[in-house]
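Written out below as structure tokens is the structure these notes cover.
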Amino acid sequence: GISADMCTKLARHLQEVGCRDAAVLPGFDYEETDQGIIITRYTGKDPSPRIAGIYGNTPVVGIADGAFENCVHLETISIPSGVMEIGARAFKNCAALSSVGVPAGITRIGTEAFRDCARLTSISIPEGVTELEEETFAGCSCLASVDIPDGVTEVGYGAFYECESLAAIAIPAGVKIIEGYAFSGCKGLTAASIPDSVAKIGMGAFFACKSLTSIAIPNGVTEIETTAFSSCSSLTSAFIPKSVTRIEEGAFRFCSSLAQVTIPDGVRAIGREAFSSCSSLVSITIPESVAEIGLGAFSGCSSLTSVIISGRATRIGLHAFAGCNSLVVTCPQDSYASEYCKQCGIPTSAL
């Protein structure tokens, strides 16, 4: 008949005075494995529960999938040293959780582990973690500080989706992959340091990062995927390296402040609506390597007055320059581009 909270307090006292076998994990469901205890569910009401590292001479080694999921009263928690894994959804939707102590020794933080922990302000990821899994911190709208260790090689799909308070992120040198929507909706993000190790910037990776002002895409990236930087409305400049061969659909769409971008020789295709509605873009040079300019690629670029097509592109999609009412295209007289402009009523000058 003793309440769970009273049971927890009594167990703590007994353990403090040396009765280590008096109670095992009060307020928790758990299972014992050959490696140790895995917490499967928190059943107590204490907003700051204490998890001891050892109960009855058995170490606590893991927090199972969903163990604290929807514990909306949980405010702070310190995970004991010895825990090696935090399972998927372990703290998902802990809306009041503001502080988490994550010890060294943890090697995995599972999918959606801290999703929608709206009051979580900072977290330090331990050295043993090598991957930030899908939506690990998605919806953590107050998360302002994240320490990502050098051992991480992949930032997973939506890992920091809609972390609106995140102002800056330093991606460590070992990362090779930034998956789709990893930082999408990080409205407060003003700076992102992307290391040279990155080979892939996934679909929508920085979509709607409305405070991001500039981005340097590292050498080694071969493809800027669909909507990667779309709706970054404060983005004024973007450096695209020579390693990039494709700029995919909508990659910079609705970047309304983008005034400076250089497309390097080596890019073979500019995708559909890649720079659509970049209303501050005044001029652009399309190098000889580009064979394809997609449908609506520069549509709605209302300030665009000069486009130089220095090569002999063999395919230009419909409405590629729609709404560019002051545009003059400079290109070879006998080229496909020249004929395209003639059919679309776009003035040209000879290259």
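The values are calculated or read from the model by the stated rules, or taken from the named source; none is laboratory data. Just so we're clear, the structure is a prediction, and the values are computed from it rather than from any experiment. Neighbour counts are summed over all protein chains in view; Cβ atoms, including those assigned to glycine, are modelled from backbone coordinates with ideal geometry. With ligands, DNA and RNA removed, areas are computed over all heavy atoms of the protein, side chains included. Shrake-Rupley method; radii C 1.70, N 1.55, O 1.52, S 1.80 Å.
Structure above, values below:
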| item | result |
| --- | --- |
| Filtered residues of segment 153-184 (kept if part of a strand (DSSP E or B), surrounded by fewer than 18 Cβ atoms within 10 Å (Cβ to Cβ) and at pLDDT 95 or above) | none |
| Filtered residues of segment 313-351 (kept if under 39 Å from the mean Cα position of the chain (by Cα), under 15 Å from Ile286 (Cα atoms), open to solvent by 70 Å² or more (accessible area, probe 1.4 Å) and hydroxyl-bearing (Ser, Thr, Tyr)) | Thr314 |
| Flag if Glu288 is open to solvent by 10 Å² or more (accessible area, probe 1.4 Å) and over 29 Å from Tyr161 (Cβ atoms) | yes |
| Residue identified as assigned to a loop (DSSP other than H, G, I, E, B) and more than 22 Å from Ala167 (Cα to Cα) among Ser234, Ser211, Ser302, Ser257 | Ser302 |
| Given (1) at pLDDT 95 or above; (2) in a loop (DSSP other than H, G, I, E, B); (3) farther than 17 Å from Cys140 by Cβ; (4) of a type outside the set (S, T, N, Q), index of the condition Ala23 fails | (1) |
| Lone unmet requirement of (1) among the acidic types (Asp, Glu); (2) modelled with pLDDT of 95 or more; (3) under 20 Å from Ser237 (Cβ atoms) for Asp265 | (2) |
| Qualifying residue in segment 342-349 (condition: assigned to a loop (DSSP other than H, G, I, E, B), at pLDDT 95 or above and among the basic types (Lys, Arg)) | no |
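Here's the yes/no breakdown for (1) open to solvent by less than 60 Å² (accessible area, probe 1.4 Å); (2) of a type in the set (Lys, Arg):
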position	(1), (2)
Thr190	no, no
Ser193	no, no
Lys210	no, yes
Gly220	yes, no
Phe229	yes, no
Val244	yes, no
Gly250	yes, no
Phe275	yes, no
Ile293	yes, no
